[in-house]
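The values are calculated or read from the model by the stated rules, or taken from the named source; none is laboratory data. Keep in mind that this is a model prediction, so the values were computed, not measured. When we count neighbours, we look across all protein chains shown, and the Cβ atoms used for this are built from the backbone with ideal geometry, even at glycine.
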Amino acid sequence: MPRVMIVDDDRMTVKLLQTLLELDGFETTIAPRGMDVLPLARKAPPDLFLLDYHLADMDGVEVISALRTDPSFASTPIVMVSGLDVEREALEAGASCFLFKPLEPEKLSHLFHSLIKT
């Protein structure tokens with residue numbers, strides 16, 4: 001079962017994404033803050049990160065940089081999401097792709113499977 005780490009501090013968004021992804025056959029872990037990502041990912045490495053740009057403790061680009069400098073996650077797919085047009089910044093930092101909010105849930109599963117290659 002492919003594992004997705006959802007990195008977002010909005011509880012309602014997280015719960016919705018978690019439910020949708022689990023219904024589509026993904027296992028999910030949740031990191032509500034950027035500083036939680038690496039410790040949690042080292043305990044249970046995800047196959048993909050779904051990362052919000054705006055987090056309470058840092059922005060998502062900082063998280064991408066930290067992940068890309070860690071050899072364990074240098075090539076793990078990262079999907080960054082935001083309501084703002086920060087696509088260029090996200091891709092330059094190392095995101096695999098960028099999605100605008102609101103997300104289209106029916107497209108997430110297909111995109112994730114293609115990025116994970118399952």
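Number of residues in segment 102-113 that are of a type in the set (D, E, K, R) and not in a helix (DSSP H, G or I): the value is 1. Looking only at residues of segment 17-44 that are without any contact (Cβ under 8 Å) to a residue 24 or more places away in the chain and closer than 15 Å to Pro105 by Cβ, we find that the one that is surrounded by the most Cβ atoms within 10 Å (Cβ to Cβ) is Gln18. Of all residues in segment 45-60, those that are touching a helix residue (DSSP H, G or I) at 6+ places or on another chain (Cβ under 6 Å), of a type outside the set (Asp, Glu) and within 14 Å of Ser109 (Cβ to Cβ) total 1.
Take Pro2 and tell me if it is within 18 Å of His113 (Cβ to Cβ), modelled with pLDDT of 95 or more, in contact with an Asp or Glu (Cβ under 7 Å, 6 or more places away or on another chain) and not polar (S, T, N, Q). Taking the combined requirement at face value, the residue satisfies it.
Selection of segment 45-101 for residues being part of a loop (DSSP other than H, G, I, E, B), buried (at least 16 other Cβ atoms within 10 Å of the Cβ), without any contact (Cβ under 8 Å) to a residue 60 or more places away in the chain and within 13 Å of the chain's Cα centre (by Cα) yields Pro46, Tyr53, Leu55, Phe73, Thr76, Pro77, Gly94, Ala95, Ser96.
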